[in-house]
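Visitor: The structure's right below; bear with me while I get my questions together.
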Amino acid sequence: MDLSAPIKQLMTLDVGAWFGPSKQLLGLDIGSSAIKLVQMREQKGKYVLQKFGIKSLEPEVIVDGTVMDAARVVTAIKELLQESNVRLKNVAMSISGHSVIVKKITLPPMSDEELEGQVKLAAEQYIPFDINEVNLDFHVLNPLEQSEDGQAQMAILLVAAKKEKVNELTELVKGAGLNPVVLDVDAFAIENMYGINYETGPDEVTTLVNIGASVMNVNIIKGGVSLFTRDISLGGNRYTESIQRDLGVSYEEAEAAKTGVRREGLDPESVTAVMDGVSAEVVSEVARSVDYFKSTNPDGEISKIVMCGGSARVPGLLQQLGDRMGVSVELANPFNQVDITAGKFDPEYLASVSPQAGVGVGLAIRAVGDR
């Protein structure tokens, strides 16, 4: 979504080939547990990391994606900008969860002039919100797809985001002295991050899973094009809450146990058992998403699963997912093909936090006016 234009741009499926300083954007990922910022520039066909930072949020500030204390979020953004010495003002941010709907639709072939009006009419059938309460955008996946009866049709990816949520995010960013110009979707930001870091064959079907604190995004792509997305209200907070409830410990103790810190009086085997139970929930939701995708795409055999997000490193999760799905599961590195030497970043530090950087990297490669 280009927030400076009357017609809203909500997402992109293609990385812009180039952008100058006037078009460069700061990627700002406002999550339930932390705010992440990424600034990159393109140089000789390669992306160079200029700025990167993470600022943790206390658990009551953003709850399940809902901002409970806007002032503290704004303060955290300002502190992060200062600590990272960021001067860029134009920002790309993203949205996920129940406030956004992504759906593939088909329409008869038509001109670009007709398309926008027809997409809006079609959206009223597919979007479970009042059409006047959402920002709409679309992307043509295939202008000449063949229907089951052999007729030509246009395959279109339709996206709608609640204006209330969009306004909430823009006010946070403006409150920090920044200029919000692009709103993306978490799932597509992860897709763009993957696209600049990994090669994908034209027939290769990959499941991208981003597991944050409160929401998990699943995006199934083929040859670099999204075919199916789903947001699930399940994330890293579930591990903490389950440890806290089942083992009778405080939030702080549960959070520490989740990250592998051993506490006196807390049995490690009991912690592992609780976490394995939550991981089973995560795996089941990914499997359900893939099964639904396969039911509508009989030839869409998944070749691998790529994980990112702050909770992707939960011990045993990747192994459990691989055993259930029977395919290779790997942890994404959002800086895999990014030059990190220019900013003198500590490689060990970046490696330790890189799973959290996926959305931010995908946002940082956006440019004003791209698609």
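The values are calculated or read from the model by the stated rules, or taken from the named source; none is laboratory data. Because the structure is predicted, anything quoted here is derived from the model rather than measured. Here the Cβ is made from the backbone with ideal geometry for all residues, glycine too, and neighbour counts use every protein chain on show. Note: areas computed on protein heavy atoms with side chains; ligands, DNA, RNA excluded. Shrake-Rupley method; radii C 1.70, N 1.55, O 1.52, S 1.80 Å.
Visitor: Among the listed residues MET193, MET216, identify the single one that is open to solvent by less than 20 Å² (accessible area, probe 1.4 Å) and farther than 20 Å from ASN336 by Cα. Show your work before the answer.
Guide: Values: MET193 fails: farther than 20 Å from ASN336 by Cα.
Answer to the selection: MET216.
Visitor: What is the residue count in region 254-269 for residues that are of a type in the set (Lys, Arg), under 20 Å from LEU317 (Cβ atoms) and in contact with a helix residue (DSSP H, G or I) (Cβ under 6 Å, 6 or more places away or on another chain)?
Guide: Applying the first criterion (of a type in the set (Lys, Arg)) to region 254-269 yields 258, 262-263.
Now narrow it down to the ones that are under 20 Å from LEU317 (Cβ atoms): 258, 262.
Still in the running and in contact with a helix residue (DSSP H, G or I) (Cβ under 6 Å, 6 or more places away or on another chain): 258.
Total satisfying the criteria: 1.
Visitor: Yes or no: ALA273 closer than 19 Å to ILE243 by Cβ, free of Cβ contacts under 8 Å to residues at least 12 places away in the same chain and either open to solvent by 20 Å² or more (accessible area, probe 1.4 Å) or part of a strand (DSSP E or B) (or both)? Full working, then the answer.
Guide: On the way: closer than 19 Å to ILE243 by Cβ: yes; free of Cβ contacts under 8 Å to residues at least 12 places away in the same chain: yes; either open to solvent by 20 Å² or more (accessible area, probe 1.4 Å) or part of a strand (DSSP E or B) (or both): yes.
In short, yes.
Visitor: Additional query: Which condition number does LEU141 fail, the rest of (1) aliphatic (A, V, I, L, M); (2) assigned to a strand (DSSP E or B); (3) without any contact (Cβ under 8 Å) to a residue 60 or more places away in the chain; (4) open to solvent by less than 70 Å² (accessible area, probe 1.4 Å) being met?
Guide: Result: LEU141 fails condition (3) only.
Visitor: Can you tell which of ALA160, ALA213, ALA152, ALA176 is modelled with pLDDT under 95, of a type in the set (A, V, I, L, M, F, W, C) and more than 30 Å from GLU124 (Cβ to Cβ)? Outline the logic, then answer.
Guide: Details: ALA160 fails: more than 30 Å from GLU124 (Cβ to Cβ); ALA152 fails: more than 30 Å from GLU124 (Cβ to Cβ); ALA176 fails: modelled with pLDDT under 95.
From the options ALA160, ALA213, ALA152, ALA176, the qualifying one is ALA213.
Visitor: Quick check: anything in region 288-297 among the β-branched types (Val, Ile, Thr), out of contact with any Ser or Thr (no Cβ under 7 Å at 6 or more places or on another chain) and assigned to a helix (DSSP H, G or I)?
Guide: First, pick out the residues of region 288-297 that are among the β-branched types (Val, Ile, Thr): 290, 296.
The next check asks that each one be out of contact with any Ser or Thr (no Cβ under 7 Å at 6 or more places or on another chain); those that pass are 296.
After this cut, where a residue has to be assigned to a helix (DSSP H, G or I) as well, the list is 296.
Yes, that holds for at least one residue.
Visitor: If you scan region 170-187, which residues turn out to be over 14 Å from the mean Cα position of the chain (by Cα) and of a type outside the set (D, E, K, R)?
Guide: Going residue by residue through region 170-187, those that are over 14 Å from the mean Cα position of the chain (by Cα) are 170-182.
Correct list: THR170, LEU172, VAL173, GLY175, ALA176, GLY177, LEU178, ASN179, PRO180, VAL181, VAL182.
Visitor: Determine if region 182-189 includes at least one residue that is outside any helix (DSSP H, G or I), of a type outside the set (Val, Ile, Thr) and open to solvent by 40 Å² or more (accessible area, probe 1.4 Å). Before the answer, list the steps.
Guide: As a first pass, look at region 182-189 and keep what is outside any helix (DSSP H, G or I): 182-185.
Okay, now just the ones that are also of a type outside the set (Val, Ile, Thr), so 183-184.
Next, only the ones that are open to solvent by 40 Å² or more (accessible area, probe 1.4 Å) stay: none.
For region 182-189, residues outside any helix (DSSP H, G or I), of a type outside the set (Val, Ile, Thr) and open to solvent by 40 Å² or more (accessible area, probe 1.4 Å): absent.
Visitor: Mind checking which residues of region 219-254 are more than 22 Å from GLY358 (Cα to Cα) and open to solvent by 30 Å² or more (accessible area, probe 1.4 Å)?
Guide: Across region 219-254, the qualifying residues are GLU241, GLN244, ARG245, ASP246, LEU247, GLY248, SER250, TYR251, GLU252, GLU253.
Visitor: Given (1) basic (Lys, Arg); (2) part of a helix (DSSP H, G or I); (3) touching a Leu at 6+ places or on another chain (Cβ under 8 Å), where does LYS78 come up short, assuming only one miss?
Guide: (3)
Visitor: Give, as residue ranges, the helices (runs of 4 or more DSSP H) completely inside region 303-371 that count at least 1 residues that are in contact with a helix residue (DSSP H, G or I) (Cβ under 6 Å, 6 or more places away or on another chain) and open to solvent by 10 Å² or more (accessible area, probe 1.4 Å). Before you say what the answer is, go through the steps one by one.
Guide: Details: elements: 317-325, 347-353, 358-364.
Here the list reads 317-325.
Visitor: Being under 21 Å from TYR194 (Cβ atoms) and not in a strand (DSSP E or B) is the requirement here; does GLU281 meet it?
Guide: Numbers: under 21 Å from TYR194 (Cβ atoms): no; not in a strand (DSSP E or B): yes.
The answer is no for GLU281.
Visitor: Within region 332-360, track down each residue that is free of Cβ contacts under 8 Å to residues at least 12 places away in the same chain and under 17 Å from SER56 (Cβ atoms).
Guide: Once the filter is applied, which keeps residues that are free of Cβ contacts under 8 Å to residues at least 12 places away in the same chain and under 17 Å from SER56 (Cβ atoms), region 332-360 yields TYR349, SER352.
Visitor: Sticking with this one: Sort through SER295, SER250 and tell me the only one that's among the hydroxyl-bearing types (Ser, Thr, Tyr) and under 30 Å from LEU227 (Cα atoms). If you could, list the steps in order and put the result at the bottom.
Guide: Working: SER250 fails: under 30 Å from LEU227 (Cα atoms).
Sole residue among the options that is among the hydroxyl-bearing types (Ser, Thr, Tyr) and under 30 Å from LEU227 (Cα atoms): SER295.
Visitor: Can you run down the residue pairs with Cβ atoms below 6 Å, 6 or more apart or on separate chains, where the first is in region 75-92 and closer than 17 Å to PHE345 by Cα and touching a residue at least 12 places away in the same chain (Cβ under 8 Å) and the partner is crowded, with 18+ Cβ neighbours inside 10 Å and of a type in the set (D, E, K, R)?
Guide: LEU80/LYS55; SER84/LYS51; VAL86/LYS51
Visitor: Being part of a loop (DSSP other than H, G, I, E, B) and in contact (Cβ under 8 Å) with a residue 60 or more places away in the chain is the filter here, so list the residues in region 127-138 that pass it.
Guide: The initial filter retains those residues of region 127-138 that are part of a loop (DSSP other than H, G, I, E, B), namely 127-130.
Scanning region 127-138 gives no hits.
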